[in-house]
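Read the structure below first, then the notes.
Nothing in this text is a laboratory measurement; each read-out follows from the coordinates by a stated rule. Quick caveat: nothing in here was measured; it's all calculated off a predicted structure. Here the Cβ positions follow ideal geometry from the backbone for every residue, glycine too, while neighbour counts run over all protein chains shown.
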Amino acid sequence: MPKINLQNQDQENDDIRIKEESEPSLAEFIKRPVPSEEELEDFENMVGEEHGFSSGGLTEAKEDEIEESLSEIYRDENGGSVNVRKLDIKKKHSFFFFAFSFLITAAILAGAAFGIYSYYAQSGSGSRSVEFFIESKKEVIAGEEFFYVVNYKNLERVDIKNVEIKLIYPQNFIFLDSEPAAGGKKDTWRFDSISANREGIVKIKGKLIAATGQSSIILADITWTPANFSSEFKKSSSFETVIKNSGIEFSFVNQNSALVGDENEIIVKHKAKEENYINNFRLIIDPADNIDFSPSDAVYKENKSEWIEYSGGGAWQISEVAEKEKEIKIKFKFTDKKSDNQDIVLKFEHLIIEEAKDGVNALKKYYLFQEEAIAYEVIKSDLNLSLIINGNQSDQGIDFGQTLNYSIVYANKGQSIMKDIVIMAVLESEFLDWPSLSDKNSGKISDNAIIWSKKEIPSLESLDMNDEGIIDFSIQASPFSEIDLSKKYQVKSYAQYSIGAASGSGEAASGEATGADKDDKRSNTIINKINSDLSLDEQVRYFNDDNIAVGSGPLPPKAGETTSYKVYWALTNNLHELSGLQVIANLPNYVKWDNKNRASAGNIQYDSETGNVVWQIGRLPNTVYRADAEFNISITPAADDINKIMVLLPGTIAQAVDYETKDSINKTGSAKTTKLEDDDIVESDGRVVE
């Protein structure tokens, strides 16, 4: 095929190039000359030669090249044929796919690293490789010395180094000593290293001083570095100890109300309990600007002794706590009334003095171990009314059927004469026997009150400044009947007054005061709670209720021969729980203890030196209605006893403390003789026969 002259072609192309003229493009295209068939054939031949074509088709070389290319396309990496009928579509991954894949991979790597670290740390040199805990008493008495024992053990197969144990003591803990010796502020122990599987203890001696029931917690940390690891590890422990009691028994005697300007008294009774570790203390009273604790020294002459010292400002130093009960008498005055009710707070503190070391002054610190708030009703009045029941101005327990002897003392403390005074005694209770009222002044009874005016007591018509008088009467508490727990078993008593007119005031009689004025015209209030209905039934018998002999020997007793009897005790109680309950009988020297005892509660013991038979029960809940005991006694009358009735039991005593009223209950039985007053089967006058 002849070659095309490209130069000539370029020249011809230049001739047919569209000229840039102003005529429209379509018009220019129409005017363009159309190539001839010969020119088209020459052009196709030229293109074919360039790409391996000829007029007869592909050249042989080109066919071999194409076949080789196709063979490579339709074979896999292993040289095998590819199934072109099966189409595999591979999706292109987006940016989010790659980001998510990266995060998953990172998380897997981090988890693997943490797992390896945790396994190594916990099973090897971690917190579980050291055992660490504290041992001590769960309960202590205030001031009692005891030990905290801090235990540690290296459970690892390698040494641990740079070991430090640090404690945080309770605020009320007094450090005394430790083994080994402590560093820092007596709260730190350091060890260069602890060998594998080695254990040890740190023993701290001290004491706690705090109020009864207060909880004290010690905290402990141990830090260390394993010998085959570079990180520091830490483990913590703690222990709680509760104050069981203070070791001192306190009781308080005081009035419930106080008149402004009058001297008042609080009696603090104290004695050591069986277990006691506080042998001295300081009593302080929270200061108040309307309370005066600065009377003359003469007022405190009863407190002047070797064991007590008043240091002024409402503070007393007590240098001795003994088993024998002692009293602290606190005298004070309210100089003004700030509110209707005011508390006087008594605080009991024990002084601890640390020994001086290296020329440093000894450290003194007081530790609070008891606090008591005494509530007062503060009264400001011109007429001073004081109520006294059975010789006492404070609350106290009474028994069913007991006589209450009242005294109302009145005095004009104002600056003028008081006229037409009316005094009323209010007795609030469902357990008073009003028919038993005895009043020589014949006051008028209205509901639960007794009222006296100038008609009953002429001196109440006019009372000069500083004049005073007294009204006495008595009434009995109701005898015991059945228990009704919905009622208040108490007698609440107080006195109040009203006046007609003060001298020169011209005011009419006001009658009964009301509101705050009424409170200021009242006396102190006394609440007498009724003690529980404890009773003792005692019988000495020869035959029981079934007519079976429980005694032996001649009846009536015979000189020179032994007769034995059975003693039965039965205690009943309903109203309140009792504590310290015991029954005591003193046997005459001629009455012998024959043992054979039994008790449904507690135990019976005989003291041969004192001759006392003691039935010790202790606590008796009010859910236990009855308790019984029995034992045998015997007598061998002498010739001098012939024709005599012999006393077997002179009068048995049952005693307890009422848990509700805090009052002591004492019940004394009648004497029991050979007449056998409680044995209906025996027919004898009890006289000893020959």
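Quick look at the values:
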| item | result |
| --- | --- |
| Given charges at beta-carbon only (K, R positive; D, E negative), |dipole| of segment 535-673 in Debye | 160 |
| Total formal charge among the other residues, if their Cβ is under 11 angstrom from that of Met418, Lys/Arg +1 and Asp/Glu -1 | -3 |
| Cα Rg, Dmax (largest Cα-Cα span) when computed across segment 128-243, Å | 15.1, 49 |
| By average C-beta atoms within 10 angstrom, highest first, the peptides 665-674, 595-604 | 665-674, 595-604 |
| Dipole of segment 573-690, positive direction: furthest Cα of Asn586, Ala656, Ala639, with charges on the beta-carbon | Ala656 |
| Vicinal HN-Hα couplings computed from phi for segment 164-174 (Karplus, 6.51 cos²θ - 1.76 cosθ + 1.60; Hz; Gly/Pro x) | 9, 10, 10, 10, 10, 7, x, 4, 9, 9, 10 |
| Spin-label model distance (nm) - Lys454 vs Asn279, 7 Å beyond Cα toward Cβ | 6.7 |
| Distance (nanometres) between label positions extended 7 Å along Cα→Cβ at Lys365 and Lys153 | 3.4 |
| Sorted by Cβ neighbour density within 10 Å, fewest at the top, the residues Val682, Val583 | Val682, Val583 |
| Computed FRET value (nearest 0.05) for Asp262 with Ser579, which takes r as the C-beta separation and R₀ as 41 Å | 0.70 |
| In sequence order, calculated HN-Hα J values of segment 395-408 (Karplus, 6.51, -1.76, 1.60; Hz; x Gly/Pro) | 4, 7, x, 9, 9, 4, x, 6, 7, 9, 9, 9, 9, 10 |
| Stretch gain in nm, segment Lys269-Thr335, where the contour uses 0.36 nm per residue and the Cα spacing is subtracted | 21.2 nm |
| Formal net charge of residues neighbouring Pro650 (Cβ-Cβ distance under 13 Å; K, R +1; D, E -1) | 0 |
| Inter-label distance, nm, simple model (7 Å from Cα along the C-beta direction), Asn290/Thr673 | 6.4 |
| Gain on full stretching of the segment that runs from Asp343 to Asn466 - 0.36 nm per residue minus C-alpha separation | 41.4 nm |
| For segment 128-243, size of Cβ-based charge dipole, Lys and Arg +1, Asp and Glu -1, in debye | 140 |
| Sites Leu351 and Glu306, calculated FRET efficiency, Cβ-Cβ separation with R0 25 Å, nearest 0.05 | 0.90 |
| Among the listed pairs Lys333/Lys487; Lys413/Lys455; Lys331/Lys487, those beyond 26 Å (Cα-Cα) | Lys333/Lys487; Lys331/Lys487 |
| Student exercise, segment 248-379 dipole from Lys, Arg, Asp, Glu Cβ charges, in Debye to nearest 20 | 160 |
| Table column - 3J(HN,Hα) (Hz), segment 202-210, Karplus curve with 6.51, -1.76, 1.60, x for Gly and Pro | 10, 10, 10, 9, x, 8, 10, 10, 6 |
